[in-house]
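The structure appears below as structure tokens.
The values are calculated or read from the model by the stated rules, or taken from the named source; none is laboratory data. Predicted model only: the values in this text are computed from it and were never measured. We place every Cβ from the backbone using ideal geometry, glycine too, and count neighbours over all the protein chains shown.
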Amino acid sequence: MNWLEDFMELAAVRNFSTAAAARHVTQPAFSRRIRALENWIGTELIDRSSYPVRLTGAGETFLESSRELMREIYRVRDECRQQARAGIEAVTFSALHTIALSIFPDLLTAIEERTGPFITRMHATDFYDCVESLALGRCDIAFCYSHELGPPVLQTGQFASKIIRIDPFYLVSKADQEGNPIIDPASWPKNKDIPLVAYSSDCFLGKVQSQLMLDMQKAGSSFRATYENSMSEAIKRMILAGKGIGWLPESAAVREIEQNELCIIDRKPTEVSLNVLAIRRQGVGSATQERFWSNLRGL
């Protein structure tokens, strides 16, 4: 379905960058998905030699069939949803892994103490898939981070949002028996790279991390990545194993900091405050969704 909707968007605007922005994905990811569709069909659908791009003869044929297929798919989906609403309604969420693991359970408990229980479904994923899930109607509410150093987040137009929490983003190290960092950039030899447990450069926290690293590099620090992952939980495990320093949201590390397993390195220069956003589409949702949203308190 994603491939079909990508193709129809590209056919409408005839520009990869514009279509990717409309589909809330990066242009490289969008291009890969169009190429995956063409591989599945077995022939090129887009003539990339012209500007703006054009559909090939096969592309023109496939476009009409795609529209018919999507209309039928959404008709069947709506019919199934109407049948499901006759029973118990669930609220469907999409969230970044860190938020799904470290913030959402306590948030849900706090809301249920005021309103009674909910049936919930959670899809833990990366930033771009989280935003795309909301835009395409695959979830009712999305939870993601927002910060000026990261990629932009949907907060206007057809979307409504609430900042529900501030989550500080700390540079941390494994702590020794005295509670001091085993790796401290302030005392690290200037001629040696600091071992870093790093986020993947294409994830949200990776983009924030990259800017913080640049700031430290300007001050004379240099880094050597020893491990890379897009999930905070994986980053934390490797820092605890002594593989390097790294950045973690407070929500993912608070227990280990309190138990002196991790310690924060030099709070002020290396810390940023991440907004935790709850985002939904404008308009009236199900009664269950509206009950959850109305009791979701913003800062």
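Has the range 129-146 got any residue that is farther than 19 Å from residue 275 by Cβ, aliphatic (A, V, I, L, M) and out of contact with any Pro (no Cβ under 7 Å at 6 or more places or on another chain)?
Scanning the range 129-146 turns up at least one residue that is farther than 19 Å from residue 275 by Cβ, aliphatic (A, V, I, L, M) and out of contact with any Pro (no Cβ under 7 Å at 6 or more places or on another chain).
Assigned to a helix (DSSP H, G or I), of a type in the set (Val, Ile, Thr), surrounded by 14 or more Cβ atoms within 10 Å (Cβ to Cβ) and not assigned by TED's automatic domain parsing to the domain that holds residue 122: which single residue out of 197, 208 fits that description? Talk me through it step by step, then tell me what you get.
Values: 197 fails: assigned to a helix (DSSP H, G or I).
Only one candidate passes the filter, namely 208.
Just for the range 185-194: of the residues that are under 30 Å from the mean Cα position of the chain (by Cα) and in a loop (DSSP other than H, G, I, E, B), which one is surrounded by the fewest Cβ atoms within 10 Å (Cβ to Cβ)? Quick ask: steps written out before the conclusion?
Initial filter on the range 185-194 (under 30 Å from the mean Cα position of the chain (by Cα)): 185, 193-194.
With the extra rule that they be in a loop (DSSP other than H, G, I, E, B), the set shrinks to 185, 193.
Values: 185: 20, 193: 14.
In this case the residue turns out to be 193.
Step by step: first the residues of the range 236-249, then only those that are touching a helix residue (DSSP H, G or I) at 6+ places or on another chain (Cβ under 8 Å) and buried (at least 18 other Cβ atoms within 10 Å of the Cβ), then the one that is farthest from residue 116 (Cα to Cα). Which residue is that? Show your work before the answer.
If we filter the range 236-249 for residues that are touching a helix residue (DSSP H, G or I) at 6+ places or on another chain (Cβ under 8 Å), which is where we start, we get 236, 240, 244-249.
With the extra rule that they be buried (at least 18 other Cβ atoms within 10 Å of the Cβ), the set shrinks to 236, 244-249.
Details: 236: 34, 244: 44, 245: 42, 246: 39, 247: 36, 248: 33, 249: 29 Å.
My answer is 244.
Restricting to the range 23-52, name every residue that is surrounded by fewer than 18 Cβ atoms within 10 Å (Cβ to Cβ) and not in a helix (DSSP H, G or I).
26, 42, 43, 44, 47, 48, 49, 50, 51, 52, listed by residue number.
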